[in-house]
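The values are calculated or read from the model by the stated rules, or taken from the named source; none is laboratory data. Just so it is clear, the model here is predicted, and its values are computed rather than measured. Note that each Cβ is placed from the backbone with ideal geometry, even for glycine, and that neighbours are counted across all protein chains shown. Just so you know, the surface numbers come from the protein's heavy atoms only, side chains and all, with ligands and any DNA or RNA stripped out. Shrake-Rupley method; radii C 1.70, N 1.55, O 1.52, S 1.80 Å.
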Amino acid sequence: MTYLAKPKFHHPSLPKNAIGFTRRDYEASTSTLCAGCGHDSISAAIIEAAFELSIEPHRVAKISGIGCSSKTPDYFLGASHGFNSVHGRMPSVLTGANLANRDLIYLGVSGDGDSASIGFGQFAHALRRGVNMVYIVENNGVYGLTKGQFSATADRGSKSKKGVFNTDNSIDLVSIALQLGATFVARSFSGDKSQLVPLIKAAIQHRGAAFIDVISPCIAFNNHAGSTKSLEYVRAHNEAVNALDVMIGRDPITVNYAPGKVVSVTQHDGTVLNLRKINDEYDPGDRLAAMNFLQKHAALGQIVTGLLYVDSEADDLHSNFNTVSTPLNQLDTAALCPGSVTLETINDSLR
Amino acid sequence: MKPTDISAPGYFHKVVDCQWACPAHTPVPEYIRLIAAGRYGDAYMINWKSNVFPGILGRTCDRPCEPACRRVRVEEEPVAICRLKRVAADYKDDVKGRMPQPSPTKNGKRIALVGAGPASLTVARDLAPLGYDCVVFDGDKHAGGMMRTQIPKFRLPDSVIDEETNYVLDLGVEFRGGTRIDSMKALLAEDYDAIVVGSGAPRGRDLDIPGRKEAAANIHIGIDWLSSVSFDHIHTIGKRVIVLGGGNTAMDCCRSARRLGGEDVKVVVRSGFDEMKASPWEKEDAAREGIPIHNFLVPKEFLHDGGKLTGVVFEKVKAEYDAKGRRKLVPAGEPDVTFACDDVLVAVGQENAFPWIERDAGIDFDEWGMPKVDKVTFQSSHPKVFFGGDAAFGPKNIIWAVAHGHEVAVSIDKMLHGENIADRPLPAVQVVNQKMGIHEWSYKNEVMPDERYAVPHRDNASALSSIKAEVELGFDPNLALAEAGRCLNCDVETVFSAPLCIECDACVDVCPMDCITFTDNGEEDDLRQRLRAPALNLTQDIYVADGLKTGRIMAKDEDVCLHCGLCAERCPTGAWDMNKFFLEVTHAGPACR
Ligand SMILES: Cc1cc2nc3c(=O)[nH]c(=O)nc-3n(C[C@H](O)[C@H](O)[C@H](O)COP(=O)(O)OP(=O)(O)OC[C@H]3O[C@@H](n4cnc5c(N)ncnc54)[C@H](O)[C@@H]3O)c2cc1C
Ligand SMILES: Cc1ncc(C[n+]2csc(CCOP(=O)(O)OP(=O)(O)O)c2C)c(N)n1
Ligand code: SF4
Ligand code: SF4
Ligand code: SF4
Ligand SMILES: [Mg+2]
């Protein structure tokens, strides 16, 4: 890590996006994480995705729990809204915020400790309710912030830095997200931005609960031989099922992959996801098959990555609840508080 | 691409843009850091070793280093490298004790040097401490050559020339001032072991147009006029002065004329403003002193009345470019322009002249009257005779004369030790780690946008009232510190070790300039396009390293690297390190043999 702020200088040919920002404009304060932390790479990928999507920073709310991973919203999108909540409580804070103001892009950032242990219940309920959000777990298999205890996602048999083997079974967040009805489920690796950036872009464009499990090696406590979440191990066992290209808007789509190898999925906003198949038998439209595939490959010791499941017709919590389409902060007092007479009428109707 | 061999002395040298561009390869960032540390004497001595005349050059150098400075590519204005050199000279303590001592024993070899300009003096400085008997001849009484006779005192005071020429002459060099050499043959007959011709390019071009002869009394050749001013032979000029020409001499002429009574002084140039040979800062200085520059006017005729010059007629021209982009000046088809004037200074070029070298002395000349001189060894066709400075390849500037001088000295030293002078010595290089703590380096690596600081000037009224009052006052120590802080320390190099790299991408993400890419290898043209930021500046190298676990390569574009060291601070394994690269040109002496 470094204490120095990144100099304001940038490459003379640094491009600007449709709203006139450079990638550098989406950066924030200097990371205080350990040098080489996978989480920093994920921050860089989020920056890249927001830049490429020409997102107006003030339209994003970053919400996180506690952990090194949950600290990262301070290191990207410095001009966006942020709420660093309590350990494991990101999903409920995010859900509340989303209900109050449905117009923002919700970026939930959490860790494997934050989401698979103390916040496991919150994680489950936010997904099953279909909150419209991007839920990113920066998964390093340890509690990084508290110095490297195994987390619930650590694989059974994985070795700690001190040489102790994990004897508990692990929680696979991706499988659970699929089971709970998340409508966009992906897994990626902090060390592969060419895979991760399009996934984040697609997740942002997705309406509904989008979950991305990003394996993110902890350089200080979980990057040694014997760990199943080290850079080297993940690189060696990574099984990508597809490669994603996100086509924004309704631009004519020219795909130059071999015919039959590309699946195109149009999301509700017109964004087209071109999925170049790497594994022929994999169909990201089939939830059941995806769950099977994951289990089968996990048993082989492989880490399946890519866009694992997407339902482009998904609904979200607001449509399920039939809530008002205007964010609450744009409603006037009369609409928000219709008065005691109306309250009486409602109460009467319920008696 | 093949992996880069960073141990080749040329590789990192090129990254230190200023040092690479400096003809004498002065270790610029090293002396700038010393200035920032207030170690002016040390900064001076580094300069003195490389360029012999830090105080002179700190005021007058053509500064090829500045357009090359990295700061131009990442900000706009270069570091004021040249004026920082002056700071070292202005604020140093007495450095006499640090100078080499005259050699107590002589080696029995005698060297004659014709001309006491920067070229000859550099040769003498390099050879005298080695025991050579150096005799410097000059037709002028004082040493310095054109630095003394041409460059106006308001740019370069005599005291500075005296000090720095004396450092050389005090090394046991014999100076025979006021002794013009009239015959090369006679000199050769004196049996010197080597002769250095550093006689400069002393002839100013004339302008042969109607009226030249009739109005001769008021038409002066620029460099002759300037030396007469220097020698205190001329003290006045007419009120209305036209200076013809657009180079450095023209700028010195017009500014001198303003100080000797010229009230309406104008410069008239054939070419456009941007194509003028004068440096941008010289044009600025002229403008500051109220001197207009008229462009695209070709002198056609001197007007005169009763033997007295009354004006000059000019033809208007315009620039046209042929298919190859070459510029030609063609008549614009507009009416002629006439400027009235009392005096004209002709500064339209400078030429070599060697009237004292007999053409049968064994030295070959080409069809343009220039000696045939080897570009590397500076030897003429006579094995004992070497040329340097303006005499070698035509008029250039002081720093080139110095660079030539070092090379001539190497040639002579090798020759007189019976060695092949075509074998040139490699520079001495050192590469040293700069880490002092987890986030601590031996240099200031916090880089910020910071615009160039202006050098304070004497106010116009008092500057114009004296031909000798120095116009530039130099940076004060605080300004110098601020300006020194703009240097990016391009000599502190990013050094990559592939076996240590775990390909975590941290350096890629933190690099503010998008210099670093991990990717598949390819041919250079292709690779340059595929980097995180396309590497379009072909003059700057790509640093390639292989041997990574994934089989990819690390490719770093050196172009706009800030040398901020953030990559090294962020790297978890120390695969990036910041190493100081120090290169010194090998001068005459045991190291060159
Ligand atoms: C007006 C003007 C301004 C300039 N300003 C700058 C500037 O700001 N910065 C810069 O870098 N350069 C400047 N230059 C160029 C610079 O002065 C020369 O390039 C440099 O001095 C060349 O050095 P030199 O050693 O080759 O010879 P010179 O400096 O030309 O010295 C040659 C010496 O040889 C002597 N000599 C010649 N023939 C004989 C002989 N037969 N016997 C004995 N002695 C002889 C001459 O008297 C003279 O002293 C300027 C030039 C001019 C004309
Ligand atoms: C209520 C509560 N319990 C325990 C803690 C201590 N604690 C801080 S961070 C953390 C685990 C974080 O792990 P993870 O979410 O995986 O983040 P990482 O640091 O690995 O990125 C724990 C247990 C806490 N801050 N609050
Ligand atoms: S920034 Fe400093 S080291 Fe780099 S080229 Fe400029 S003066 Fe030289
Ligand atoms: S020193 Fe390193 S981080 Fe800084 S600009 Fe150069 S490559 Fe980038
Ligand atoms: S930060 Fe260090 S270890 Fe990581 S990719 Fe860069 S050089 Fe390699
Ligand atoms: Mg964790």
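Compute the helix-to-body angle for B:398-415: its Cα long axis versus the longest principal axis of chain B, expressed 0 to 90° and rounded to tens. Roughly 70 degrees between the two axes. At the residue level, residue A:75 shows approximately 20 square angstrom of accessible surface with a 1.4 angstrom probe and all protein chains present. All distinct Cα pairs of segment A:1-85 go into the 1/r average, and the inverse of that average, the Kirkwood radius, is 13.4 Å. The angle separating the long axis of helix A:90-100 from the principal Cα axis of greatest extent in chain A is about 30 degrees. Buried surface between chains A and B: roughly 2600 Å² of accessible area, summed over both sides, computed with a 1.4 Å probe on protein heavy atoms only. For residue A:172, the accessible surface of its heavy atoms amounts to roughly 50 Å² (probe 1.4 Å, protein chains only, rounded to the nearest 10). Pull out a ≥ b ≥ c, the square roots of the eigenvalues of the alpha-carbon gyration tensor of segment B:507-579, then state rounded if a/c is under 1.5, prolate if not and a/b is larger than b/c, and oblate in the remaining case. Oblate shape, in that a/c is at least 1.5 and b/c is the bigger or equal ratio. Per residue, the convex hull spanned by the Cα atoms of segment B:221-304 amounts to 91 cubic angstrom.
Per residue of peptide B:555-568, the mean number of Cβ atoms on other chains within 10 Å of the residue Cβ is 2.
Given a Förster distance of 35 Å, report the FRET efficiency between residue A:268 and residue A:337 from their Cβ-Cβ distance, rounded to the nearest 0.05. For R0 = 35 Å, the calculated efficiency reads 0.60. Compute the signed sum of charges (Lys and Arg +1, Asp and Glu -1) over the other residues within less than 10 Å, Cβ to Cβ, of residue A:76. After counting each charged neighbour, the total is -3.
Per residue, the solvent-accessible area of segment A:23-320 (1.4 Å probe, heavy atoms of protein chains only, all protein chains present) comes to 38 Å². For residue B:521 and residue A:276, what is the calculated FRET efficiency with R₀ set at 25 Å and r taken between the beta-carbons, to the nearest 0.05? The formula returns an efficiency of 0.60 here. A 1.4 Å probe run over the protein chains yields, for segment B:204-349, 47 Å² of accessible area per residue, whole-number rounding. The separation of segment B:503-582 from segment B:24-85, counted between C-alpha centres, amounts to 28 Å.
Element breakdown for segment A:61-104 at a 1.4 angstrom probe: carbon and sulfur atoms account for 58% of the accessible area. Solvent-accessible surface of segment B:435-593, averaged per residue with a 1.4 angstrom probe and all protein chains in place: 39 square angstrom. Checking the cross-link pairs B:96/B:375; B:85/B:266; A:277/B:2; B:328/B:375; A:201/A:277; B:185/B:372 against a 26 Å limit on the alpha carbon distance flags B:96/B:375; B:85/B:266; A:277/B:2; B:328/B:375 as lying beyond it. For chain B, the share of accessible area belonging to carbon and sulfur comes to 51 percent (1.4 Å probe, ligands and nucleic acids excluded). If you take the alpha carbon atoms of segment B:405-558 and fit the smallest convex hull around them, that volume is 254 Å³ per residue. The charge dipole of the protein assembly as shown, taken about the Cα centre with unit charges on the Cβ atoms of Lys, Arg (+1) and Asp, Glu (-1), comes to about 840 debye, rounded to the nearest 20.
For residue A:133, the residues whose modelled amide H falls within less than 5 Å of its own, excluding neighbours fewer than 5 places apart on the same chain, are A:208, A:209, A:210.
Relative to the dominant Cα principal axis of chain A, helix A:340-350 is inclined by about 70°. Interface residues of segment A:193-222, defined as a loss of at least 10 Å² in heavy-atom accessible area between the chain alone and the complex of all protein chains with a 1.4 Å probe, are A:193, A:219. Taking every residue in B:436-449 and counting other chain Cβ atoms within 10 Å of its Cβ, the average works out to 2.
In plain terms, the C-alpha convex hull of segment B:354-469 casts an average shadow of 15.1 nm² when viewed from every direction.
Accessible surface of residue A:145, taken over heavy atoms with a 1.4 Å probe and every protein chain present, rounds to 80 Å².
Most tightly packed first, judged by the mean number of other beta-carbon atoms within 10 Å of their residues, the peptides B:159-171, B:313-325, A:59-71 read A:59-71, B:159-171, B:313-325. The distance from the alpha carbon centre of segment B:110-131 to that of segment B:315-367 is 33 Å, rounded to a whole number. Here the protein assembly as shown is treated as an ellipsoid with the same Cα gyration tensor; its semi-axes, largest first and in whole Å, are 72, 34, 24. In terms of its Cα atoms, segment A:122-183 spans 41, 22, 14 Å along the principal axes, sorted from long to short.
Plainly put, segment A:23-320 has a radius of gyration that is 0.94 times its Kirkwood radius, both from alpha-carbon atoms, as the Rg/Rh ratio.
Using Cα pairs under 8 angstrom and six or more residues apart, how large is the relative contact order of chain B, in percent? In percent, rounded to a whole number, it is 17. For chain B, the fraction of C-alpha pairs more than 31 angstrom apart is 57%.
Among the residues of A:7-18, the average count of other protein chain beta-carbon atoms within 10 Å of the residue beta-carbon is 6. Residues of segment B:461-477 falling in the label zone of residue B:228, defined by backbone nitrogen less than 18 Å from a point 7 Å along Cα to beta-carbon, are B:467. Bin all alpha-carbon pair distances of segment B:204-349 at 5 Å intervals from 0 and give each bin's fraction as a whole percent. P(r) for segment B:204-349, in whole percents per bin: 2, 10, 20, 22, 22, 14, 6, 3, 1, 0, 0. Across segment B:58-64, coupling constants 3J(HN,Hα) worked out from phi with the 6.51/-1.76/1.60 Karplus curve, θ = phi - 60°, read x, 10, 10, 5, 5, 6, x Hz, and Gly and Pro carry x.
Please name the residues of segment B:51-98 whose accessible area, counted over protein heavy atoms with a 1.4 angstrom probe, falls by no less than 20 Å² between the chain alone and the full protein assembly. Residues losing area: B:74. Taking θ as phi - 60° and the Karplus parameters 6.51, -1.76 and 1.60, the scalar couplings of segment B:324-338 work out to 7, x, 7, 8, 10, 9, 10, x, 7, x, 9, x, 5, 10, 10 Hz in sequence order, x denoting glycine and proline. Dipole size of chain A about its Cα centre, with +1 on Lys/Arg Cβ and -1 on Asp/Glu Cβ: approximately 860 debye, rounded to the nearest 20.
Projected onto their three principal axes, the Cα atoms of segment A:71-162 cover extents of 46, 30, 18 Å, largest first. Distances between placed amide hydrogens fall under 5 Å for residue B:314 paired with B:300, B:337, B:338, B:339, all partners being 5 or more residues away or on another chain. Extending 7 Å from Cα along the Cβ direction at residue B:328 and again at residue A:29 yields two label points whose distance is 6.7 nm. Computed log10 I(q)/I(0) for segment A:166-250 at 0.11, 0.15, 0.18, 0.23 Å⁻¹: -0.36, -0.65, -0.88, -1.22, from the Debye equation with unit scatterers placed on every C-alpha and solvent omitted. FRET efficiency for the residue B:498 to residue B:277 pair, using the beta carbon distance and R₀ = 60 Å, is estimated at 0.80. Remark on residue B:457: its backbone amide H falls under 5 Å from those of B:473, a criterion applied only to residues 5 or more positions apart or on other chains, H modelled at 1.01 Å from N.
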